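What follows is a short report on a single structure.
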Amino acid sequence: MGVRKKLLQIPFFTFNIPMTNLQVITSGVLLILWIPLSYQVFFKQPKENKEAQNKLADSDKRKEELQQQLEEAQNKLADSDKRKEELQQQLEEAQNKLVNVTLDAGTAHPALLCEDGKRVTWREPCQDLPHSTQRFDSLPCVLGQLDLRRGRSFWEVEVGNARSWDLGICRDNVTRKGRVTMSPQNGFWAIRLYERAYWALTSPETPLSLKHEPCKLGVFLDYEAGDVSFYNMTDGSHIFSFPKNTFSGALKPLFRLWSSDSGSLTIRPGGRTPDVTIDIPN
C-alpha cells in the first residue's frame, strides 16, 4: 500500500508538495514557531522601534531646552554682574556729588518740628502756624530748601531707629493741600518704611526686600538721565531705582514722618562714607 501523500497548506501560502505524515508534523511545528516570530518581525518590532525613536526625539528636545535654560541663566548672571558694576560706579560718582540739604521749615506740616535745618521730629500738639500755600496740611511732610534742576545730586539721611517714614524727592509744585497719593504720577519718587515693611511708592506700590535694615540711607538723583535711586549706606546695598523719568522744573528733597512714635530723621553733613561696596542679592 503506497504512502499517503498530503499537501502542505500554510495560511497565506499553499505549497503543492506531496507530504508524508512526518513531514506534516514537522511542518506544523514550524508553523507554530513561525507565527510568534512573524508577529515579532511584522508587528511588535516596528512598534518598539517607533517608541524608541520617539523617546530619542524627546531626549533631544529636552537637551535643547536645558541648553537654552543654561544660556539664559548665563546671560542673566552676566547682566547681574554688569548691573552691579554700574551701580557701584554710580554710587562712587554720587558720593562725589554730595549736596548740602537743609529743611525748609516753611513747607513743614504743623505736626513736624525742624531743628537746626537738619533734623525733623514729630511734635504734639501741632504747632499753630500761619497759613501758607507752601505748607503741607494733610501729608505730614517737609521739603528741602535745595532746588534740583540739573546735574547729579546725592544726600544721606540718618533714619536710625525711626519706625515709619517716607524719603525721596518730589516736584516743587506737588499738591500740598488735601489728600494726595504719593506716586510718580503725582510728582513723588520715594520709598517708605511702614509697620516694619519697606515699599517703593510706585503705582501700585512695590514691596522691597532688604538684607539689612538701613541706619543711613542715600538718595541719588541724575536729573538729565531721569534716574532716582536709593542706597543702604549701612552696608552699601542698592535698594531701588525708579524707572527712567523725564523731569522738568525744580525738584525738592522730600521727608515724611507718620506719627508721634515714628522717630526722627536727620540729614547727614557733607562727607563721603568710606569703603562702601554695592551688594546685590542673587
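The values are calculated or read from the model by the stated rules, or taken from the named source; none is laboratory data. Predicted model, so just to flag it, every value in this text is computed and none were measured. Virtual Cβ from ideal backbone geometry, glycine too; neighbours counted across all protein chains shown.
Among the residues of the stretch 191-201, none qualifies, meaning not one is within 23 Å of His238 (Cα to Cα), part of a helix (DSSP H, G or I) and under 34 Å from the mean Cα position of the chain (by Cα).
Looking at Lys244, is it assigned by TED's automatic domain parsing to the domain that holds Val157, of a type in the set (Lys, Arg) and at pLDDT below 95? Break it down stepwise before answering.
Numbers: assigned by TED's automatic domain parsing to the domain that holds Val157: yes; of a type in the set (Lys, Arg): yes; at pLDDT below 95: yes.
When the stated conditions are applied, Lys244 passes them.
Going by the structure shown, is Ser260 within 21 Å of Ala105 (Cβ to Cβ) and among the hydroxyl-bearing types (Ser, Thr, Tyr)? Please lay out each step first, then the result.
Values: within 21 Å of Ala105 (Cβ to Cβ): yes; among the hydroxyl-bearing types (Ser, Thr, Tyr): yes.
Here the answer is yes, as Ser260 does meet what is asked.
Assigned to a loop (DSSP other than H, G, I, E, B) and either surrounded by fewer than 21 Cβ atoms within 10 Å (Cβ to Cβ) or not polar (S, T, N, Q) (or both), is that true of Val180?
Working: assigned to a loop (DSSP other than H, G, I, E, B): yes; either surrounded by fewer than 21 Cβ atoms within 10 Å (Cβ to Cβ) or not polar (S, T, N, Q) (or both): yes.
Spelling it out, Val180 is indeed assigned to a loop (DSSP other than H, G, I, E, B) and either surrounded by fewer than 21 Cβ atoms within 10 Å (Cβ to Cβ) or not polar (S, T, N, Q) (or both).
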